[in-house]
Amino acid sequence: MEKVLQDQCDETCEGTSQIEDLKESLIPEATAAGLADVFKALGDPTRVKIIYTLLQKELCVHDLTLVLEMGQSAISHQLRYLRNLRIVKRRKVGKTVFYSLDDEHIEQIFVQMLQHVKHG
């Protein structure tokens, strides 16, 4: 069957002369893997809720536990995951650690995808 599909493509598709240019400009493997990791992080509802909450306001772990009605260890685990991917950052004031989104790129990605989902 694969042979039949290949023959059909050869008969109907003349291809493009830009294949080599596309290959040369292909996203590097490490960059593709990093981008995939960010999208994996957005694939978890708890992490999405954390990101959405931090989009609105910088918060400490305790505040996040109250907003999301989850245990501190679960929130801390997710924050560590997000921090390792540079999605969130932390700021320490005395003994309290505050979390916020790492930069505006994360905000833009999140807001764009949220609008896409809400759009229907």
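Tell me, please, whether a residue that is within 20 Å of residue 43 (Cα to Cα), of a type in the set (S, T, N, Q), open to solvent by 50 Å² or more (accessible area, probe 1.4 Å) and assigned to a helix (DSSP H, G or I) can be found in the stretch 62-72. No - not one qualifying residue is present in the stretch 62-72. So is residue 111 among the β-branched types (Val, Ile, Thr) and surrounded by 15 or more Cβ atoms within 10 Å (Cβ to Cβ) or not? Taking the combined requirement at face value, the residue does not satisfy it.
In the stretch 73-108, the qualifying residues are those that are among the basic types (Lys, Arg) and not in a helix (DSSP H, G or I), and the one that is most open to solvent (accessible area, probe 1.4 Å) is 95.
Would a scan of the stretch 44-53 turn up a residue that is exposed (fewer than 11 other Cβ atoms within 10 Å of the Cβ) and out of contact with any Asp or Glu (no Cβ under 6 Å at 6 or more places or on another chain)?
Yes, there is a match, as at least one residue in the stretch 44-53 is exposed (fewer than 11 other Cβ atoms within 10 Å of the Cβ) and out of contact with any Asp or Glu (no Cβ under 6 Å at 6 or more places or on another chain).
The values are calculated or read from the model by the stated rules, or taken from the named source; none is laboratory data. Values in this document were obtained by computation on a predicted structure and should not be read as measured data. All Cβ positions, even for glycine, are placed from backbone atoms using ideal geometry, and neighbour counts span all protein chains on display. When the accessible area is computed, the model is the full protein with side chains, heavy atoms only, and any ligands, DNA or RNA have been set aside. Shrake-Rupley method; radii C 1.70, N 1.55, O 1.52, S 1.80 Å.
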